[in-house]
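Below you'll find the structure, written out as structure tokens, and then a few comments.
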Amino acid sequence: MSAREEILDRIRTALKDTPEVPVIPRGYRASSQLDEAELIELLVDRLIDYKARVSIVDTADVPAKIAELLAGAGSYVVPAGLDAGWLTGPELEQDSRRRTDSVTAPLSVAELDGIDAVVTGSAVAVAETGTIILDGSPNQGRRAITLVPDHHICVVKVADIAGILPEALGRINGTRPLTMISGPSATSDIELERVEGVHGPRTLDVIIAR
Amino acid sequence: MSTFLGMPSLPVYGTGNLHASQSFPKAAHRELGNAQLRANLGHATHTIRDKRLNVVSELPDWENLRDAGSAIKESVMARLPELLEQFEANFTARGGVIHWARDADEANEIVAGLIRATGETEAVKIKSMATQEIGLNEYLEEQGIAAYETDLAELIVQLDHDKPSHILVPAIHKNRTQVRDIFLREMEGVDPELTNDPARLAGAARAHLRRKFLTAKVAVSGANFALADSGTLAVVESEGNGRMCLTLPETLITVMGVEKLLPTWQDLEVFMQLLPRSSTGERMNPYTSLWTGVTEGDGPQNVHLVLLDNGRSAALADEMGRSALHCIRCSACMNVCPVYERTGGHAYGSTYPGPIGAILSPLMTGIQAEENNSLPYASSLCGACYDACPVKINIPDILVHLRSVDVDSKRGKKKIPTQMDIGMNAASWALSSGKRLGMLEKGLPLGRLAAGPDKKITKLPGIAAGWTQSRDIPAPPKQSFRDWWKKEHHAPDTAPAAAYNQEDQP
């Protein structure tokens, strides 16, 4: 008998009392009922609590904000599908510091290791938990590009902010490669105190675009 | 690999690091001798308790989430064969490869075989209870494969050649100064000026592991959840070491217990609210990664999952105990446990310490395995673990159930009545009649005599010796409560104050 058959057989035997399958009581909140201003306020509060840096700008001012945040970066990477219009303006157009990554022309891990920062969009954000979800869409790119560089600049559109987790997960396709990010990398492994800055990006800049 | 002739007899128990090799009272006695350990644990468990209470009290629907979580897990157990097959079909359809492992040895052999097939001799690892349970690192080392733990606490434990003592924070028994000393002693190329500042220590771990992450070809992980309706796996973590392992290598091998399934994507909304708040006391952990088989051009292209039984089917066969399999390994129960707080995790022997370990380990190995029958007694039955459990596992009830399984298993073996049998029969005889009890109470002065002038009994004989091992019994009173009551209520001439002698009624 194969291991598969044998394990399934053991489990069926263990369940010979045919336990009842309960109805799932989903009495928990399905939505937050917050308006746009409240969603932004809550998300900002939670992001700052995680030591992420947050700026709120009008959509037209996103390129200027990105340029400002990249001022100290010697190099940065963007996914090939980054929203057109985010890399405009005198500093960013024709910027020699910029590398572009895509599935068809991926940068190597060693190349990414030499890059200071990464600029991406995001799929959805959860205000209540301060979480940003990346789903590998063209404006977010491969998972490696938001992991290896030490500084992640992430643009969240106001329309993509959900109040609570059930609302956010309802907007996501679960079979895509997903990364949920809540603040910069951190650990609680020494005396259970949270310390920011381990293996993931140590600086997380969130630009909320109205 | 395990082979069986014909049908094996059920249940089939688990093997690996699931046993206490020393009885809990003995091991606890050893650990209690370490005052530094007690101080470290007291500090850490109290820190996390406060954080958990704060973030839990923020949610108006916490109890609704617990109810949903509990019911979802109950439904998973009832439908397990069907859900496993559904998960397998979805994961396989998207390019993943599934392997089934009956026990620890079989799982270890599968993982080693997969690593060997890549031609590599090392692998990076994400902290995983399942691989700890099967002793994977030790097995790989015997096979000439180096497994590097990348979680900070696991790294501390591995560098110190120690054993984990907590399921979330394996190095909870070490304080920051001890961690610095371990790094200075064991970490190659570490800054000799390293301080005990946790941020500096985390920075040292980053520098130490960076090269490993960037060059690793094979990663080994566990999984927190597996979604049957999509074939998706999830790893919940903090540091980014998980993302490194799940994203950069070419080959990813995940080892997961069969009970980790959730039926649908929607169920994740419940567990991703319950788990971070219960484990690290955060609204959300820094990073969660989800993957469904292989995604072309993004992440490992060679994706394996080892589905592990190793005694889980045996636990499932116990109708009273099967809900122990609902555990999502958050560790809230150990953080609130007065016993764990004092003895620490090593006293439990098994990979799974604390209240959940005290039920899970004997359920997976059988109560008669080594010293695991001592674990259900490692509790005062105060119920704090049940209150803290995000999926409402009734740990105290299962502890009591397993105590009775233990007593029954011993009764079957011995023809001659034990001291406990004799004692229980005597108690049953005495307590079933007021006259008999009254007669026995006449013997109280004898107890006073035995107590001697300091009015303490410090050593009882036989099995009662366990009671006086760590405490004294005060001398019995001159008269029994029943005698006192009689005088009080049937002799109207006696003033109550005079009849009540405080010294004699402790």
What does the average come to when, for each residue of peptide A:121-129, you count the partner chain Cβ atoms lying within 10 Å of its Cβ? 2
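Which shape class applies to region B:153-218: rounded if a/c is under 1.5, otherwise prolate when a/b exceeds b/c and oblate if not, where a ≥ b ≥ c are the square roots of the Cα gyration tensor eigenvalues? Before the final figure, lay out each step's value.
Working: a/c = 1.82, a/b = 1.12, b/c = 1.63.
Oblate is the answer for region B:153-218, as a/c is 1.5 or above yet b/c matches or exceeds a/b.
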Which one of B:MET129, B:GLY113, B:PHE213 is farthest out on the positive end of the charge dipole of region B:31-314, using unit charges on Cβ (Lys, Arg +1; Asp, Glu -1) and the Cα centre as origin? B:PHE213
Return, in residue-number order, each cysteine of chain B whose C-beta is not under 4.7 Å from any other cysteine's C-beta. B:CYS245, B:CYS327, B:CYS330, B:CYS337, B:CYS382, B:CYS389
On a 0 to 90° scale, report how tilted helix B:176-186 is relative to the longest principal axis of chain B, with both axes built from alpha carbons and the result rounded to the nearest 10. 50 degrees
With Cα atoms, 0 to 90° folded angle of helix B:104-118 axis to chain B main axis: 20 degrees
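Measuring with a 1.4 Å probe in the full set of protein chains, what accessible area per residue, in whole Å², belongs to region B:263-346? Numbers along the way, then the final one.
Details: 1650 Å² over 84 residues.
About 20 Å² of surface per residue is accessible.
If packing is taken as the average number of other Cβ atoms within 10 Å across a peptide's residues, how do B:134-146, B:165-177 rank, most packed first?
Values: B:134-146: 17.7, B:165-177: 23.8.
Final packing ranking: B:165-177, B:134-146.
Where nothing but the Cβ of Lys and Arg (+1) and of Asp and Glu (-1) is charged, how large is the charge dipole of the protein assembly as shown around its Cα centre, in debye to the nearest 20? Intermediate values should be presented prior to the final figure.
Numbers: 73 positive and 92 negative charges, 568 e Å.
For this selection, approximately 2720 debye.
Using a/c under 1.5 as the rounded threshold, could you call region A:1-117 rounded, prolate or oblate? The axes a ≥ b ≥ c are square roots of the C-alpha gyration tensor eigenvalues, and prolate needs a/b larger than b/c, oblate otherwise. Before the final figure, lay out each step's value.
On the way: a/c = 3.72, a/b = 1.72, b/c = 2.17.
Here region A:1-117 falls in the oblate category.
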Centre separation in Å (Cα based) which lies between region B:425-465 and region B:159-221: 56 Å
Report relative contact order for region B:372-465 in percent, whole number only (criteria: Cα-Cα under 8 Å, sequence separation at least 6). 18 percent
Could you pull out every one of the aspartates and glutamates with an alpha carbon less than 20 Å from that of B:LYS486, ignoring same-chain neighbours closer than 8 positions? B:GLU441, B:GLU503, B:ASP504
Which value at 222 nm does chain B reach when only helices count, each DSSP H run of 4 or more adding -39,500 (n - 2.57), with the total divided by all residues and rounded to the nearest 500 deg cm²/dmol? -14500 deg cm²/dmol
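Excluding ligands, DNA and RNA, what is the solvent-accessible area per residue of region A:33-209 at a probe of 1.4 Å, expressed in Å²? Intermediate values should be presented prior to the final figure.
Values: 6210 Å² over 177 residues.
I get 35 Å² per residue for region A:33-209.
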What is the distance, in nm, between label points placed 7 Å from the Cα along the Cα-to-Cβ direction at B:ARG210 and at B:GLU120? 2.1 nm
Applying the gyration tensor rule to the Cα atoms of region B:31-314 (axes a ≥ b ≥ c; rounded if a/c under 1.5, else prolate if a/b exceeds b/c, else oblate), the class is oblate
Zone reached by a paramagnetic label modelled 7 Å from B:THR418 Cα along Cα→Cβ, restricted to region B:335-375 with backbone N below 12 Å, covers B:368, B:373-374
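On a 28 Å Cα-Cα criterion, which of the cross-link pairs B:LYS73/B:LYS163; B:LYS26/B:LYS456; A:LYS51/B:LYS217 come out too long? Intermediate results must be reported in sequence, preceding the final value.
Values: B:LYS73/B:LYS163 30 Å; B:LYS26/B:LYS456 25 Å; A:LYS51/B:LYS217 33 Å.
The answer is B:LYS73/B:LYS163; A:LYS51/B:LYS217.
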How far apart, in nanometres, would the label points at A:VAL21 and A:ARG53 be if each is projected 7 angstrom from Cα along the Cα-to-Cβ direction? 5.2 nm
Does any residue of region A:98-120 lose at least 30 Å² of accessible area with all protein chains in place compared with its chain alone, and if so which ones (probe 1.4 Å)? A:VAL103, A:VAL109, A:ASP113
Would you mind working out the magnitude of the charge dipole of chain B relative to its Cα centre, with +1 at each Lys and Arg C-beta and -1 at each Asp and Glu C-beta, to the nearest 20 Debye? 2000 debye
So, for region B:64-127, what is the accessible surface per residue at a probe of 1.4 Å, expressed in square angstrom? 33 Å²
Can you tell me the 0 to 90 degree angle between the C-alpha axis of helix B:395-413 and the longest principal axis of chain B, rounded to 10? 70 degrees
With a 1.4 Å probe and all protein chains left in place, how much of the accessible area of chain A comes from carbon and sulfur atoms, in whole percent? 49 percent
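State, in square angstrom and to the nearest 100, the accessible area buried between chains A and B, both chains counted, probe radius 1.4 Å.
When A and B are taken together, about 7800 Å² of accessible area is lost.
The values are calculated or read from the model by the stated rules, or taken from the named source; none is laboratory data. Note that this is a predicted model, so its numbers are computed, not measured. Neighbour counts are summed over all protein chains in view; Cβ atoms, including those assigned to glycine, are modelled from backbone coordinates with ideal geometry. Just so you know, the surface numbers come from the protein's heavy atoms only, side chains and all, with ligands and any DNA or RNA stripped out. Shrake-Rupley method; radii C 1.70, N 1.55, O 1.52, S 1.80 Å.
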